[in-house]
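Taking it in order: structure first as structure tokens, then the write-up.
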Amino acid sequence: MTIKFRKFLISVCAVILTMTALHLLFAFLPYSELDSFLRKEYSTRVYDRKNNLVQITPLNNGLRREYLASAEIPGKVKKAFIKAEDRRFYFHYGVDFFSIFRAFVQNTANKKNVSGASTITMQLAKIISLNYNNQENLYRQGSSRTIKDKISEAFCAIKLEARFTKKEILELYLNSIPFGNNVEGIQSASRLYFSKGTDELTDEEIEQLAKIPRRPNLYSPEKKYAYPFYMPHLVRYLRENNYFLTEKEIKTRTYKSSVPFEVHLSADMNVQDYAQQCADSAIQNAKDSRISNISVLAMDVQTGRVLAWVGSNDFMDDEHSGQIDGVRFKNQPGSSIKPLLYALALDEGIVKPTDILPDVPMEFGTDKAYIPFNFNNRFNGPISLRVCLASSLNIPAVYVLNNIGVDKFIEKLKELNFTDIEKIGREADLGLALGGGEVSLKDFLPAFSVFARDGKYIPLEYLSEKYHPKKAAVPIQVYSVDSSRIIANFLSEKNGRSLGFGHYQTFETQYPSIFKTGTSNQFQNITALGATPRYAVAVWMGNFSGETVVGKTGSSLPASVAKKVLDYLESCDEKESLQFEEPENYEKIEVCQLSGEIPNKDCISTVYEYVKKDEVLSQCTWHKENNGKVVIYYPQEYQYWYSMNQSLYSSESVRINYSETPLKIIYPRNDSLFYIEESKIKRQQLNIEVIGGLVDEIEIYVDDQFYAKKERPFIQSIPLEKGKHKCKVICGNQENIVFYEVR
């Protein structure tokens, strides 16, 4: 090797080492403006599960700035901008000295600026600088740039070249160029000026688009692109609760923005549109009921994925607070909560499917008396568990909750993700059985859908599994399989609803379905839930202002919407409708319709009801033949109800079974506390009710003073007087005592 060649190699190596050192130096020089730029937010393109564009979310002041990865930017778009802005882009290191010399010569010859020398990388450096100083609006608007500014941009351009590849620099640049009219980046500009994405642009449109950044103020589209604005409440909820992007996704990309560039929802635009149409129609039909708003939530039962989310009748309706999200708004669920209570009662063994519950006047509580009434102010006497739930009777529900305990029901509701139920549930006390707590549709629908999913709870999912695969939530078994299937059967049978709702056809479907409705205590809200083995829908109607609707339940209004949406979902599903499964450890046998026991020869009517396979029922004791006629003998707990309705029955056909049972004062209960309403003090009385006894007459003593003798039925009214009192009854050689207080 000659000395001359060796010197040449040393010189080349020195140049390479020097260039490498300079490259590393520029790559690691501090660049705080760049760090800030890489963290700035971009608009999110939101799609439904079928890839229909739902929204392009705006940034501050309504700015739209969409991001496209380099692979998504058409090659001819890249070529057009390189040709227009920096023909030697791939042949310089951020600063094009040839262009600088050419510009100097041309501008000197013409004594004015006729040519520029800024490269794409220098322009990107300028955008980064203005972004850091919150001056992006000055870009391309004729703001004066000093020699110092240009030198700074050139220096920063070299730092950018040291940090990124040409491909990355071009990608950052094309996604950040201001195009005027409150848009930045080629994708948003393409929508604004040509109402299409960059992948749909013609060659002529691309050429025009490439010219706009030079003079944005000179260009304005004749007709601006109308940005889609669907599912506003759902999109807002997901943005507010950071559902769009995981920390892992943020770390794997050049931009560190806290929002994603593209999101695909599980919701379906077609289902959303249909639900909105049903909502609009229902509001029109509800004008006379003083109802101004409605919310609808639909989900896939098996996956928990949201299919439609209608937060209000009209997001833009300021008069009726349309921007409030009724899907998240907490309201009293009313009787809609009863299936959750009865399922717990079945699991706890408090009730059995064949049980007959008392729908009679009752008072619950001690220091705080609670007297529930049915919505029609009637008492129906002995009613089967099936009918109590399906017809939504109030007194049996409170009776069941009283036996379960409020605390245990609250714990179950917490398992079902009823947020904040602890405090408000305790305040509602036994009224919780009638929906005295509060819950949103967002929390209620997944809870109700457990009956279509064999008692398993899964939370709502919002994003499309196809585009956002994630590990599915592990289902939580909150109710037993059999109890859930029994409740589903109760809610699906139309005959069970007839006592409470008549034979109205709102709930009639061509496929297996379950429904439950509810009205809040003061008629402020009406709710309906419906489900099939595949889909579930919840509907709320009312006023965000809290104004009461017309004083009637009106459950058919939201119920009709729920049914219509289920009709649509089932009709769109190409698969055959699924059936609700039968409970595994039960079988249906014939029982007396009145007593729920094995029929005897005198039983008037029978039904088939679920009984555990190893359970042995007693034979009916309610029906007996007497002098050639069948007589109904009601248990003693129905004596007060019977006395209220005695005129409706013949003593030859209906009687009370006064069997020899221990004497007991069933009302008032021991240590009860009563309050006198001063305006009604002369009319207020206390009803003493006694059952059992060996003979047909009792003596009643109040504060050890004889008050009255009473033949059966043992019911006696006494005046209320303030103070602490003692009530004693004597029947033959038996006696029973209770203490109570009146304030």
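Rule-based calculations on the coordinates, nothing more; no lab input. Computed from a prediction, not measured in an experiment: that's the story for all the values here. Cβ atoms come from the backbone with ideal geometry, glycine included; neighbour counts cover every protein chain shown.
Excluding Y586 itself, calculate the net charge of residues whose Cβ lies under 11 Å from the Cβ of Y586, where each Lys or Arg counts +1 and each Asp or Glu counts -1. Local net charge: -2.
Name the shape class, rounded, prolate or oblate, that the alpha-carbon gyration tensor gives for the range 664-742, where a ≥ b ≥ c are the square roots of its eigenvalues, rounded holds for a/c under 1.5, and otherwise prolate holds if a/b is larger than b/c and oblate otherwise. Prolate.
On full extension, the segment bounded by K726 and E363 gains 128.8 nm, given 0.36 nm per residue less the C-alpha separation. Once you sort the root eigenvalues of the Cα gyration tensor of the range 254-356 as a ≥ b ≥ c, which label holds: rounded (a/c under 1.5), prolate (a/b larger than b/c) or oblate (the other case)? It is oblate, given that a/c is not under 1.5 and a/b is not larger than b/c.
Of all DSSP beta bridges confined to the range 664-742, the antiparallel ones make up roughly 90%. Sorted on the mean count of surrounding Cβ atoms within 10 Å across their residues, most packed first, peptides 196-206, 531-541 read 531-541, 196-206.
Taken over the range 664-742, lysine pairs spaced eight or more positions apart, or on distinct chains, with alpha carbons under 24 Å apart number 21. Remark: spin-label model distance Q619-D602 equals 1.2 nm, labels positioned 7 Å along the Cα→Cβ axis. Computed from the C-beta positions of K83 and T202 and an R0 of 25 Å, the FRET efficiency is 0.95 to the nearest 0.05. Less than 5 angstrom separates the built amide H of F674 from those of E741, V742, R743, all sequence-distant by 5 or more or on a different chain. Of the trypsin sites (Lys or Arg not before Pro) found in the range 370-436, those that fall in a DSSP loop while having at most 14 other beta-carbon atoms within 10 Å are R378.
For K167 and R239, FRET efficiency with R0 = 30 Å and r from the beta-carbon atoms, rounded to 0.05? E between R239 and K167, to the nearest 0.05, is 0.45. Taking a sphere under 10 Å around the Cβ of K78 and counting the other residues whose Cβ falls inside, with K and R at +1 and D and E at -1, yields a net charge of +3.
Residue-wise HN-Hα couplings along the range 694-704, as the Karplus relation 6.51 cos²θ - 1.76 cosθ + 1.60 with θ = phi - 60° gives them from phi, are 8, 10, 9, 8, 10, 10, 10, 10, 10, 6, 6 Hz; Gly and Pro carry x. In this simple spin-label model, placing a label point 7 Å from the Cα along the Cα-to-Cβ direction at both R39 and N645 gives a separation of 7.2 nm.
Other residues within the sphere of radius under 10 Å centred on the Cβ of P396, judged by their own Cβ, net out at -1 (K and R +1, D and E -1). The trypsin sites (Lys or Arg not before Pro) of the range 571-621 meeting both criteria, a DSSP state outside H, G, I, E and B (loop) and at most 12 other C-beta atoms within 10 angstrom of the site's C-beta, are K575, K601, K613. The simple spin-label model puts a point 7 Å past each Cα toward its Cβ; for A472 and L59 those points are separated by 3.9 nm.
The K50 and T419 beta-carbon pair, evaluated with R₀ = 41 Å, returns a calculated FRET efficiency of approximately 0.85. Annotation: extensible slack from E735 through Q284 equals 156.0 nm (criterion: 0.36 nm per residue apart, minus Cα-Cα distance). Computed from backbone phi, the HN-Hα couplings of the range 608-625 come to 9, 9, 6, 9, 4, 4, 9, 8, 10, 8, 7, 7, 4, 10, 8, 10, 9, 7 Hz, rounded to whole numbers (Karplus: 6.51 cos²θ - 1.76 cosθ + 1.60, θ = phi - 60°; Gly and Pro given as x).
Among the GluC sites (Glu not before Pro) in the range 688-718, none is located in a DSSP loop while being surrounded by at most 14 other Cβ atoms within 10 Å of its own Cβ. In a fully extended conformation the segment linking Q684 and A708 would gain 6.8 nm over its present Cα-Cα distance, using 0.36 nm per residue.
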